[in-house]
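Peer 1: First the structure, then my questions, so here it is.
The values are calculated or read from the model by the stated rules, or taken from the named source; none is laboratory data. This one's a predicted model, so the numbers in the text were calculated from it and none came from an experiment. All Cβ positions, even for glycine, are placed from backbone atoms using ideal geometry, and neighbour counts span all protein chains on display.
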């Protein structure tokens, strides 16, 4: 469990607007092997995000993310499923937010854990992630940032990140700008 104090540390050490965790940035003694399909899809999507958005991520899907309050006010996240980070990366990049990864241990405590439904199929999961990335990028490219966000806000009744649900509906904790599962 990450304490509130520890959750703020990445932002204290950097001028980043968003400090996502990376399970691949450095080695920790407690690191576990990632399931092969998850690692492979993460590598593919992370490479595509870096090429498209000019970011330098090593882990597009790590659940640990610390945010500066000012950054959260600029983001308009409407994707509540597993693709939420992809919408985040497009918005953060296009808004010019500074992103600086911090190393976190790679833990897979339940190897039988599933995504659910069609996302259990790695091919369909990759297609889903690409569709979310494409949709988020298209919104910026076609409508302009302010129009896109106005449309997103009026079309969605979800808050920027629903504090009761994230992805699979499991509760999340929000600590001074940290969102974690």
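Peer 1: Among 86, 126, which is under 18 Å from residue 36 (Cβ atoms), in contact (Cβ under 8 Å) with a residue 24 or more places away in the chain and in contact with a helix residue (DSSP H, G or I) (Cβ under 6 Å, 6 or more places away or on another chain)?
Peer 2: Details: 86 fails: under 18 Å from residue 36 (Cβ atoms).
Answer to the check: 126.
Peer 1: Next question, about the same structure. Do we find a residue being in a loop (DSSP other than H, G, I, E, B) and either in contact (Cβ under 8 Å) with a residue 40 or more places away in the chain or in contact with a strand residue (DSSP E or B) (Cβ under 6 Å, 6 or more places away or on another chain) (or both) anywhere in the stretch 36-53?
Peer 2: Here is the first cut: in the stretch 36-53, the residues in a loop (DSSP other than H, G, I, E, B) are none.
No, every residue in the stretch 36-53 fails to be in a loop (DSSP other than H, G, I, E, B) and either in contact (Cβ under 8 Å) with a residue 40 or more places away in the chain or in contact with a strand residue (DSSP E or B) (Cβ under 6 Å, 6 or more places away or on another chain) (or both).
Peer 1: Now, a different point. Looking at the stretch 99-132 only, could you name the residues that are closer than 20 Å to residue 77 by Cβ and surrounded by 15 or more Cβ atoms within 10 Å (Cβ to Cβ)?
Peer 2: Within the stretch 99-132, 99, 100, 101, 115, 119, 125, 128, 129, 130, 132 qualify.
Peer 1: Still on this structure, please answer the following. Only one of these conditions is not met by residue 91: (1) more than 18 Å from residue 17 (Cα to Cα); (2) part of a helix (DSSP H, G or I). Which number is it?
Peer 2: (1)
Peer 1: In this structure, does residue 63 turn out to be assigned to a loop (DSSP other than H, G, I, E, B), closer than 25 Å to residue 135 by Cα, at pLDDT below 95 and in contact with a strand residue (DSSP E or B) (Cβ under 8 Å, 6 or more places away or on another chain)?
Peer 2: Working: assigned to a loop (DSSP other than H, G, I, E, B): yes; closer than 25 Å to residue 135 by Cα: yes; at pLDDT below 95: yes; in contact with a strand residue (DSSP E or B) (Cβ under 8 Å, 6 or more places away or on another chain): yes.
It is true that residue 63 is assigned to a loop (DSSP other than H, G, I, E, B), closer than 25 Å to residue 135 by Cα, at pLDDT below 95 and in contact with a strand residue (DSSP E or B) (Cβ under 8 Å, 6 or more places away or on another chain).
Peer 1: Does residue 136 satisfy being touching a residue at least 40 places away in the same chain (Cβ under 8 Å) and either over 15 Å from the mean Cα position of the chain (by Cα) or in a loop (DSSP other than H, G, I, E, B) (or both)?
Peer 2: Numbers: touching a residue at least 40 places away in the same chain (Cβ under 8 Å): yes; either over 15 Å from the mean Cα position of the chain (by Cα) or in a loop (DSSP other than H, G, I, E, B) (or both): no.
It is false that residue 136 is touching a residue at least 40 places away in the same chain (Cβ under 8 Å) and either over 15 Å from the mean Cα position of the chain (by Cα) or in a loop (DSSP other than H, G, I, E, B) (or both).
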